[in-house]
Amino acid sequence: MRKYLLLFTILLLCSQGCKEVEASEIEMISPEEMLDRMKKDEIQVLDVRSAQQFDDAHIFKAKNIILSESNDNSLFFDTLAKDKPVVIYGKNKGNTKKAIEILKDDGFEEVYELEGGIENWILVGGKVY
């Protein structure tokens, strides 16, 4: 009985303290709008792909961070301005969603996912480096 009570308590605490961003809560930004806002220096760009993928091709001024369960990513996220919107792109939805959750939990209000990722960026003529 104590095991079940302990398990219930842990689940209850986690459900209240562990906020997960739902897919419907993720705001998308089109490559065209992102390019327009980049020209005005209105956004920060965050690439959550591997270092190799970043080296192969990345969007201008994108900062690369490799998310992992074992790393404390807070030092990196502290280098971002909370009052400036952030656009995130990655290879898989899991890393993108995790980065969005971390930023929103840390007080960032404007966090977007790049619609279609870097592949769509390239398709519409966006430059990569």
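Each value in this text was obtained by applying a stated rule to the coordinates, not by laboratory testing. The shown structure was predicted, so the numbers you read here are calculated from the model rather than taken from an experiment. Note that we place each Cβ from the backbone using ideal geometry, even for glycine, and neighbour counts take in every protein chain shown.
Assorted remarks:
- Of Lys39/Lys91; Lys40/Lys61; Lys104/Lys127, pairs whose Cα-Cα distance is over 22 Å: Lys39/Lys91; Lys104/Lys127
- Taking the Cα centre of region 22-123 as origin and assigning +1 to Lys and Arg Cβ atoms and -1 to Asp and Glu Cβ atoms, the resulting dipole is close to 280 debye.
- Amide proton proximity set for Val111, modelled H, under 5 Å, gap of 5+: Val86
- Set of aspartates and glutamates near Lys82 by C-alpha distance (under 13 Å), chain-local residues within fewer than 8 positions excluded: Glu42, Asp105, Asp106, Glu109, Glu110
- For region 42-129, GluC sites (Glu not before Pro) meeting the loop criterion (DSSP other than H, G, I, E, B) and having at most 10 other Cβ atoms within 10 Å: Glu69, Glu109.
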